[in-house]
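Colleague: Quick one: the structure is below, and I'll ask about it shortly.
The values are calculated or read from the model by the stated rules, or taken from the named source; none is laboratory data. Quick caveat, the model's predicted, so the values are computed rather than measured. No Cβ is skipped: glycine too gets one built from the backbone with ideal geometry, and neighbour counts run over all protein chains shown. Side chains are part of the model used for accessible areas, which takes the heavy atoms of the whole protein and leaves out ligands, DNA and RNA. Shrake-Rupley method; radii C 1.70, N 1.55, O 1.52, S 1.80 Å.
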Amino acid sequence: MESNKFDKLRQQFLCCYPVNKMAWSTLHLPLELDEQRALIAATCGHPLNQRFPVRRSYQEAFVKRLMHVLKDHDELHDDIYDSLCGQLAKTSLDAAPATSTYAYKHYMLQSEEHITLRESNSFVSEGTTGLCTWEAALALADYLLEHPNQLQGKNVLELGAGTGLLGILLKHKALKLPVGQVLVTDGSNACVKLMHDNISLNFDDASEEATPQCAQLRWHEIKEFPWSKYAAPDLLLAADVIYDDTQFSSLLAALDFVYELRGNRCEMLLASTVRNVDTLHTFMEQLELHEYQVTPCANVSACASHFCRDHTAAVQIVCIKR
Ligand SMILES: C[S@@+](CC[C@H](N)C(=O)[O-])C[C@H]1O[C@@H](n2cnc3c(N)ncnc32)[C@H](O)[C@@H]1O
């Protein structure tokens with residue numbers, strides 16, 4: 001049996017890609033019993049999932065869907081039943097709901113290299129939207145992997161970094177991206193703590209050069225930020241931060257501050273999920289009023305998806321210069 005037969009399903013399972021959109025068509029039915037066992041071993045039984053499990057409800061939904069796909073089979077491998085029963089038993093035994101508010105996701109990069117993130121199971125929790133990774137961050141991650149020359153020697157500052165995916169990607173040892181210092185920031189205390197934990201999960205080497213730096217930065221407090229502790233940023237990143245127009249003026253003031261600090265020798269890549277065209281448009285107009293030039297980045301939708309994006313929501317990435 002080819003070892004990579006279930007690679008796509010494995011990759012999708014490990015990052016909790018929606019079960020109903022998974023690459024089920026890559027399964028050549030009927031599946032022999034040893035193939036069924038190999039598929040369970042590549043997903044629920046994968047060592048990453050054993051050590052840092054993805055959401056229980058997701059595993060349960062995956063196994064149920066797999067049973068449905070195999071419904072015409074005379075026989076199902078015991079490992080499939082065991083996986084489902086295991087999940088159901090854990091769910092009913094789980095007396096403390098707080099223990100299940102976080103789970104892990106594993107984003108596979110190349111061969112066995114991956115990023116593991118602890119993420120919240122809710123889109124909004126602890127007063128922030130940043131405790132799970134959003135589609136715009138995945139799209140920007142794909143874009144940066146496709147355009148590593150844009151990182152050449154640059155010190156990077158991310159605003160509203162949430163779980164820290166982009167910073168962890170940029171400093172990932174196996175990728176050897178040509179980036180300088182990477183500083184991931186967020187205004188939320190809970191996000192900063194989560195980013196710290198996620199950085200520790202992904203880096204053995206704690207040296208400042210080898211890892212992303214992490215700090216709390218609320219946009220309206222940008223002037224008080226201890227800039228002297230960090231390298232001057234050449235490239236700013238932000239993903240999915242344009243949704244609340246009450247934050248626009250502080251975000252713009254933060255950009256003005258950094259661009260002035262750098263004598264305009266910096267640029268920003270801003271990735272936004274297009275949920276509300278008017279909201280995005282309003283922010284783009286305000287950028288122009290602040291004398292920024294905004295250029296859409298080419299070929300965003302054509303970027304290969306290393307991150308299992310489901311492409312249902314359009315993501316716009318723009319480059320902002322002054
Ligand atoms: C939708 S989340 C996006 C998180 C991450 N960039 C992603 O795409 O997965 C928006 C993030 O912006 C942060 N944020 C919102 N307003 C902020 C502000 N005024 N100052 C700093 N961070 C802010 C939130 O805490 C949250 O982490």
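Colleague: Residue separation times 0.36 nm, minus the C-alpha to C-alpha distance between Leu261 and Cys85: what's the value?
Modeller: Between Leu261 and Cys85, full extension yields an extra 57.6 nm.
Colleague: So which trypsin sites (Lys or Arg not before Pro) in segment 120-179 end up in coil per DSSP with only 15 or fewer other C-beta atoms within 10 Å?
Modeller: Lys176
Colleague: In debye to the nearest 20, how big a dipole does segment 112-170 give about its Cα centre with +1 on each Lys and Arg Cβ and -1 on each Asp and Glu Cβ?
Modeller: In debye, rounded to 20, segment 112-170 gives about 200.
Colleague: Using unit Cβ charges (K, R positive; D, E negative) and no other charged atoms, how large, in debye to the nearest 20, is the dipole of segment 117-321 about its Cα centre?
Modeller: In debye, rounded to 20, segment 117-321 gives about 460.
Colleague: Considering only protein heavy atoms and a 1.4 Å probe, what is the carbon-and-sulfur percentage of the accessible area of the chain?
Modeller: 50
Colleague: Work out the charge dipole of the chain with +1 on the Cβ of Lys and Arg and -1 on the Cβ of Asp and Glu about the Cα centre, then indicate which of Cys132, Asn276, Ser207 is farthest towards its positive end.
Modeller: Ser207
Colleague: I want to check the label-to-label distance for Thr101 and Arg65. Put each point 7 Å from Cα in the C-beta direction and report it in nm to one decimal.
Modeller: Roughly 2.7 nm, to one decimal.
Colleague: Based on the mean of other beta carbon atoms within 10 Å per residue, what is the order of 70-76, 254-260, 217-223, most packed first?
Modeller: Final packing ranking: 254-260, 217-223, 70-76.
Colleague: For the chain, what's the relative contact order in percent, using C-alpha pairs closer than 8 Å and at least 6 residues apart?
Modeller: 15
Colleague: In segment 106-180, which chymotrypsin sites (Phe, Trp or Tyr not before Pro) are in a loop and have at most 14 other Cβ atoms within 10 Å, using DSSP for the loop call? All intermediate terms of the calculation are to be shown ahead of the outcome.
Modeller: Details: sites: Tyr107, Phe123, Trp134, Tyr143; in loops: Phe123, Trp134.
Loop-located and lightly packed - Phe123.
Colleague: If each of Ser249 and Asp74 carries a label point 7 Å out from its Cα toward its Cβ, how far apart are those two points in nm?
Modeller: Those two pseudo-labels are separated by 7.4 nm.
Colleague: Based on alpha-carbon centroids, what's the gap between segment 124-189 and segment 4-60 in Å, whole number please?
Modeller: Their Cα centres are 27 Å away from one another.
Colleague: Related question: Against the longest alpha carbon principal axis of the chain, how many degrees, from 0 to 90 and to the nearest 10, is the axis of helix 78-93 turned?
Modeller: Roughly 60 degrees between the two axes.
Colleague: What's the Cα-based Rg to Rh of the chain, Rh via Kirkwood? If you can, show how the numbers build up before the last one.
Modeller: Details: Rg = 21.1 Å, Rh = 21.0 Å.
Expressed as Rg/Rh, it is 1.00.
Colleague: So what's the angle, to the nearest 10 degrees on a 0 to 90 scale, between helix 33-42 and the longest Cα principal axis of the chain?
Modeller: Tilt of helix 33-42: around 20 degrees.
Colleague: Can you spot the lysines whose alpha carbon is less than 30 Å from Lys105's alpha carbon? Ignore those fewer than 8 places along the same chain.
Modeller: Lys5, Lys8, Lys21, Lys64, Lys71, Lys90, Lys154, Lys171, Lys173, Lys176, Lys193
Colleague: How tilted is helix 189-202 with respect to the longest principal axis of the chain? Cα atoms for both, answer in degrees (0 to 90, nearest 10).
Modeller: 60
Colleague: How many percent of DSSP beta bridges within the chain run antiparallel, rounded to 5?
Modeller: Numbers: 18 of 34 bridges.
Counting DSSP beta bridges with both partners in the chain, the antiparallel share is about 55 percent.
Colleague: Rounded to the nearest 0.05, what FRET efficiency do Lys21 and Ser228 have when you use their Cβ-Cβ distance and R0 = 51 Å?
Modeller: Calculated transfer efficiency: 0.60.
Colleague: While we're on this one: Taking springs between alpha-carbon atoms closer than 10 angstrom, which of Leu201, Leu140, Leu270 fluctuates most in the Gaussian network model of the chain?
Modeller: Leu201
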